[in-house]
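Some notes on the structure that comes next.
The values are calculated or read from the model by the stated rules, or taken from the named source; none is laboratory data. Since we're looking at a predicted model, the values are computed, not measured. Counting neighbours? That spans all protein chains shown, and the Cβs are built from the backbone with ideal geometry, glycine included. The protein model used for the area step is the full one, side chains on, heavy atoms only, and it has no ligands, DNA or RNA in it. Shrake-Rupley method; radii C 1.70, N 1.55, O 1.52, S 1.80 Å.
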Amino acid sequence: MGAADNNAAPRQGQQPDGARGRAPAPEQREVKVVVMDEPPPAVSRLQAQRPVAPLQVTTQAPPPPMSVASGGEDPPPPAAAYPPLMQQTPPQPLASLNSRVYTNQITLCLFLLQLAAAGLAVGFFVYRAVKDIVQDPRSRNARREQSLLRQWLPPVEGAVALSIVLAFAWQKAVRAWPRAMVTVILWSAFGVTLAVGSLLMCFSMPATVGLGVALVVFSIGTGLYACWVTRRVGFTARVFKKAVQPVDKFRGLNGPAYLMVAAGFVWISVWCVAVIGAVNFRFPGLTILALVVSLAWTAEVMRNVANLTASRVIALYYLRGMQSSVQFSFQRALSYNLGSACLGSLFVPTIEALRILARGLNLLEGEDEFMFSCAHCCLNVMNAVFEFGNSWAFVHIAAYGRGFVQASRSTWNQFEGQPGMPALADADITSSVCFLTGVTSGALCVALAGSWTFVTHKHYTATVSLMAFYVGYLMTRIGMALPQACVGCYYVCYAENPRSRLFEDSPIGERLNKMKEDGQDAVGVAPTPRFPHQHVSAA
């Protein structure tokens, strides 16, 4: 016992004053009730993390009295049984999945104005063509339009119908045999374009020979590309196989793609008649060029609408384990996210084409330091621009309702958060495979429409062949939006949550681990060979 105990307790054999003649009081014990205050209402949401201690009853001896004379002080209050709740960090809220903000509204307005103008122009030219044929069938314009309707329109419409069949066939084949179709598509593009180019050259007309030479040159480039990416084919095939597996879990997921293909067929059919009416209008070359550009933008928006629909369904399955409604996702793609689809349809093909061109220039290095330094500069610029506009953005646009630029930056930042992921995503050849399916379908449409026209009216062969290739390519790209969206979701969702049970045996994780262990690049092959500089010794 301390000094306070000695002062308060009587010495042995003595009694304090005022206590003589009394019996010694028995030792007393008191019951102390400790009531823990409930946390304030503001932090009631944290009770599940740190529950409030219940009412406690303890029995203990009273503390010895402290006398002021002995220098004692009042004991400090007991410490809190738990740290202050206000110091705890609340959990971060999840990103909203049901944003009701119209993204990229300026681009949306521009597209709607363009679509309205194109609709008015198409309606005007169709009305003009029909009016000339009905009212004055013997006029020069009417005879020319009748000739185009009989000789030009049927082969083009046949090519459009063939492109629809090919679009559905490519999508079904990729979903059924994903691993084999990557190799088939690469080498089919080479063989088909070479054969069709040779066929056009055999027609022995200047225009068809020019188109045939262009296809032959493209086929040679495709063959070299297929040889260059041979060691990437196995990894891409494995990713394709994993990425398209969730499609069977959602009934009708390919419905929006089929609906966009049907809408594209109707629009292109009417558009072809409008082109016939525009032939006799003022400045027919510029008018038809404007119609071609409008069709390209509209078809690309249709493809990206199907892409956004599939991306939302697949992304929410990977990120939240949700069974999303395909109809609801399609409605969001046509309303809130349509502006982002319009902006992405303008910039993604342009940025990717310029980036490929800059990469091609950087594969060669020569003595002209100025030219190749400009090529290096252009490549760096395009790589910087790529972070603000890329095809991976459609996943975050669909899932979180972000704008195109914001979604591009957020997806690329997630890639940069995973070591090796930017290089792996940059080396992906899925977009090239989907592009080559469109080229192959376009070449097959050229074979059909060009042969048909050459037999009936050979002087239209080049024009019909060019138009058939254009519409065949566009229709197939719309149909291939579903598998491309699945692969994009697989990459982006893995970068966002690589520890998900859905990615336990992911080929992406295996490749990243192998890259980390072996110190290899993204594709596991040596860097692209370059021609060395020719150093000239100074005189």
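Worth pointing out:
- Probe 1.4 Å, all protein chains present, accessible-area order of TYR490, TYR127, largest first: TYR127, TYR490
- Probing with 1.4 Å while keeping every protein chain in the model, the per residue accessible area of segment 188-296 equals 46 Å².
- At full extension, ALA384 and GLN245 could sit 46.7 nm farther apart than now, given 0.36 nm per residue minus the alpha carbon distance.
- Summing charges over all other residues whose Cβ lies under 14 Å from the Cβ of CYS493, with Lys and Arg as +1 and Asp and Glu as -1, gives +3.
- Stretch gain in nm, segment TYR102-VAL293, where the contour uses 0.36 nm per residue and the Cα spacing is subtracted: 66.2 nm
- Modelled spin-label separation between ALA195 and GLN135, with each label point placed 7 Å from Cα along the Cα-to-Cβ direction: 4.9 nm.
- Rg and Dmax of segment 384-466, based on Cα coordinates, read 20.3, 60 Å.
- Tensor-based shape of segment 92-210 (alpha-carbon gyration tensor, a/c under 1.5 rounded, otherwise prolate or oblate): oblate
- Under the simplified labelling scheme, the PHE283-VAL455 pair shows an inter-label distance of 4.1 nm, with each label point 7 Å from Cα along Cα→Cβ.
- Here the scattering of segment 215-270 is modelled by Debye summation over its C-alpha atoms, one equal scatterer each and no solvent; at q = 0.20, 0.30 Å⁻¹ the log10 of I(q)/I(0) is -0.84, -1.07.
- For the pair segment 242-288 / segment 411-463, the C-alpha centres are spaced 16 Å from each other.
- Compared with the alpha-carbon gap, the fully stretched path from LEU259 to CYS109 is longer by 51.7 nm at 0.36 nm per residue.
- Where labels lie 7 Å past Cα in the beta-carbon direction, separation of VAL270 and ASN513 in nm: 5.5 nm
- Descending principal axes extents, segment 476-517, alpha-carbon based, whole Å: 40, 20, 15
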